[in-house]
Amino acid sequence: MKGVTGFCKVMGLGLLCLAPLLAQAQTIKVTLLGTGSPQPRMDRFGPSILVEAGPEKLVFDCGRGAAQRLYQLQIPFQAVTGLFLTHLHSDHVVGIPDLWLTGWVYGRQVPFRVWGPAGTEEMMSHLEKAYQFDIHMRRDVDEKSPAQGVAVMAKDSKEDVVYEQNGVKVTAFDVNHGPVKPALGYRIDYAGRSVVLSGDTRFSENLIRFSNGADLLIHEVIASDSFRAAARARGRTPEQIQSVIDHHTTPEQTGEIFTRVRPKLAVYSHIVGDVRAEELIAATRKTYSGPLEVGEDLMMIEVGRQVQVRRPTALGRP
């Protein structure tokens, strides 16, 4: 930036030269690392979202394939500032050992920091025990990798501001994931921009309250009919199937949330059920007429003066 400033002065362009760069620096960039569910699909990896604001690179949830997606994006693992968990269902945390330990192998020299609901500290402690052989060999015997790089700093969080660095504020809030408690959503604020991530939830008044004024709202969704058919084929009972559906939000319900929040853009991620984007949009349009996108892995949303979407094909990504 100093070099650019000097160039602008020499050319006599002043602040006009810097304006585009300053505007870009005050955006929030959101990349959907994984938009799927527990189903091990190749096109939709497990739920995970990267949020970049200023120098901060924050990962929210760490489902299957999160490390691979970061690698595709050429995001250095050691550049990830912190990991934030919405809840401790396996599909949201199964990628943690990969991001944590592979990040260490690939050069992280500072502790791996994790925030999440009650139980997060205990889970991370158990993971340290589960991988104690690998840690011991790489740290003490073979590669002599730095001890700080594999250290874990985990913190159980409640509804509150849980992180505030470099102008980036992360607020956790309670959502309603049925009997799965606690479950959190997150709001990220930076330079007058705001992004809300629902986490797993059914219709939540508290989410609507914390989404007030948000530029971007990324919300989970369940396609009930397709999920019911697939679950029935796997031998799940009607009671089991309905229980899962009741823990999530249908397109019609989510449309009501979008209508009340009125974000500049609403996006679906963590899509439960094998459903086409057109079907989700059609169902949502029964209750919502505003801007809407169905997320896909590696979709990038830039939140600035405008909210712009770049799909993987437009970015040259597979």
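Counting only helices (runs of 4 or more DSSP H) that fall entirely inside the range 201-276 and contain at least 2 residues that are modelled with pLDDT under 95 and more than 22 Å from the chain's Cα centre (by Cα), the qualifying elements are 224-233, 238-246. Here 161, 94 are screened, and the one residue that is under 21 Å from residue 199 (Cβ atoms), surrounded by fewer than 13 Cβ atoms within 10 Å (Cβ to Cβ) and not acidic (Asp, Glu) is 161.
Can you confirm whether residue 311 is at pLDDT below 95, surrounded by fewer than 21 Cβ atoms within 10 Å (Cβ to Cβ) and not aromatic (Phe, Trp, Tyr)? Considered against the rule, which asks whether it is at pLDDT below 95, surrounded by fewer than 21 Cβ atoms within 10 Å (Cβ to Cβ) and not aromatic (Phe, Trp, Tyr), residue 311 comes out as yes. Scanning the range 73-109 for residues that are touching a Pro at 6+ places or on another chain (Cβ under 8 Å) and of a type in the set (A, V, I, L, M) yields 85, 88.
Does the range 144-156 contain at least one residue that is touching a strand residue (DSSP E or B) at 6+ places or on another chain (Cβ under 8 Å) and either exposed (fewer than 12 other Cβ atoms within 10 Å of the Cβ) or hydroxyl-bearing (Ser, Thr, Tyr) (or both)? No: the range 144-156 contains no residue that is touching a strand residue (DSSP E or B) at 6+ places or on another chain (Cβ under 8 Å) and either exposed (fewer than 12 other Cβ atoms within 10 Å of the Cβ) or hydroxyl-bearing (Ser, Thr, Tyr) (or both).
The values are calculated or read from the model by the stated rules, or taken from the named source; none is laboratory data. Here the structure is a predicted model, which means the values were calculated and not measured. Don't worry about glycine lacking a Cβ; one is built from the backbone with ideal geometry, like all the others, and counts go over all protein chains shown.
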